[in-house]
Amino acid sequence: MKLSELIQNLNLSVRSAQENLEREVTGGYASDLLSDVLANSREGDLWITLQVHQNIVAVASMKDLAGIILVNGREPEQETIEKAETEDIAIMVSELSAFELVGRLYGLGVTGMR
Amino acid sequence: MMRKVRADLHLHTCLSPCADDQMQATAIVKQAKRIGLDMIGICDHNSAENVAAVAKAGLREGLSVIGGMEITSREEAHILGLFESEHDLMQMQEVVYENLPGENSEEAFGPQTVIDEWDRVVGANQRLLIGATTLTVEQVVEAIHERSGLAIASHVDRERFSLIGQLGFIPKGLSLDALEVSRPSAMQQEYDYPVVTSSDAHFLEDIGINCTTFTLEALSVSEIRKALRHEMGRSVALN
């Protein structure tokens, strides 16, 4: 499923990389420990987190993740948005909690297994 | 004249809800002296209200006590701030308090006891010291430096509440003065910052299980800063 379809389905607000929303999402990973995301996420994953520090962009870029969804309406820091624009990483904001958002993503066919 | 100084710069007191209630001023100083430390740092979670008590007890017994705090950033990374003057430390505490939401629950997290230099209870801190501030790591480090303090990332080799655990790696351009490791003998990587080790003791018997040896001319924060930078013959060594 493409990012753009998920954005529409889940009413996500896009905060960066508007032109990079046709990326294919091949799975999902939810974690707020960036060291854990570095160790365990996989290329093409959509990452669900509440961390808003600019390091999230570097992690997503290093792991070639499909995008980042921030939960509970948390807004990325300004440096994070700027870095995400440079690195072409899509950051989206959802008003939902992580639990609810992951549940809905799963319902739409985004899973944690390959 | 240069001398070698054995220092454990990261100890908690009974003010930290997670620390043992035996972590009181005279007991801490006595234990530190017994095991041969020359200098200790008092770094409770998000508060410095027991620093004066331990410092006075240290003065009485001839032990150097550095005042500090272990500050929790909004990313839940722990950063130590060590300060030369009590004035700067109290100002830093103000900044932390202004940005620290919540109220402690003794039942859930433990008591936060404020003591004097004779270990007498003088009060209880009501703030949620175990919680996180709303300050970013960058803001924490900047606030420490604005008050001439040393900013040291706590226990970076642990996953929980460490800068590297929470944020994956040290954010580019973060001007830390040093990194603290908890397992110096098992250091798995080279860091781009000076490294110190300390006990992070929450119990008396853990004081000094890790310590750092500084070569200094005097027991002060500015001398530690020079040692971390290896300036003018000062140096730093683990254990």
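The values are calculated or read from the model by the stated rules, or taken from the named source; none is laboratory data. Quick caveat, the model's predicted, so the values are computed rather than measured. Here the Cβ is made from the backbone with ideal geometry for all residues, glycine too, and neighbour counts use every protein chain on show. Side chains included, ligands, DNA and RNA excluded: accessible areas come from the protein's heavy atoms. Shrake-Rupley method; radii C 1.70, N 1.55, O 1.52, S 1.80 Å.
Assigned to a loop (DSSP other than H, G, I, E, B), under 21 Å from B:ASP8 (Cα atoms) and open to solvent by 20 Å² or more (accessible area, probe 1.4 Å): does that describe B:HIS155? In short, no. Provide a single number: the residues in the stretch A:12-36 that are within 14 Å of chain B (Cβ to nearest Cβ), open to solvent by 30 Å² or more (accessible area, probe 1.4 Å) and not in a helix (DSSP H, G or I). Selection size over the stretch A:12-36: 3.
Listed here are the residues, each with its yes/no results for (1) more than 10 Å from chain B (Cβ to nearest Cβ); (2) in contact with a helix residue (DSSP H, G or I) (Cβ under 7 Å, 6 or more places away or on another chain); (3) on the phi > 0 side of the Ramachandran plot.
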residue	(1), (2), (3)
A:ASN55	no, yes, no
A:ALA58	no, no, no
A:LEU70	yes, no, no
A:ILE81	yes, no, no
A:GLU95	yes, no, no
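If you go through the stretch B:78-129 and keep only what is in a loop (DSSP other than H, G, I, E, B), open to solvent by 30 Å² or more (accessible area, probe 1.4 Å), touching a strand residue (DSSP E or B) at 6+ places or on another chain (Cβ under 7 Å) and within 19 Å of B:ALA27 (Cβ to Cβ), you end up with just B:PRO111. Number of residues in the stretch A:57-90 that are open to solvent by less than 70 Å² (accessible area, probe 1.4 Å), of a type in the set (A, V, I, L, M, F, W, C) and farther than 14 Å from A:VAL25 by Cβ: the value is 7.
Rundown of residues vs (1) under 20 Å from A:ILE7 (Cβ atoms); (2) of a type in the set (D, E, K, R), yes/no style:
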position	(1), (2)
A:VAL59	no, no
A:ALA84	yes, no
A:GLU95	yes, yes
A:TYR106	yes, no
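Note on the stretch B:138-174: residues that are within 13 Å of chain A (Cβ to nearest Cβ), among the polar types (S, T, N, Q) and in contact with an Asp or Glu (Cβ under 7 Å, 6 or more places away or on another chain) amount to 1.
Each residue in the stretch B:20-54 was checked for being open to solvent by 10 Å² or more (accessible area, probe 1.4 Å), touching a residue at least 60 places away in the same chain (Cβ under 8 Å) and under 24 Å from B:GLU98 (Cβ atoms), and 3 pass. Within the stretch A:62-94, the set of residues being more than 25 Å from B:GLY173 (Cα to Cα) and without any contact (Cβ under 8 Å) to a residue 24 or more places away in the chain comprises just one member, A:GLY73.
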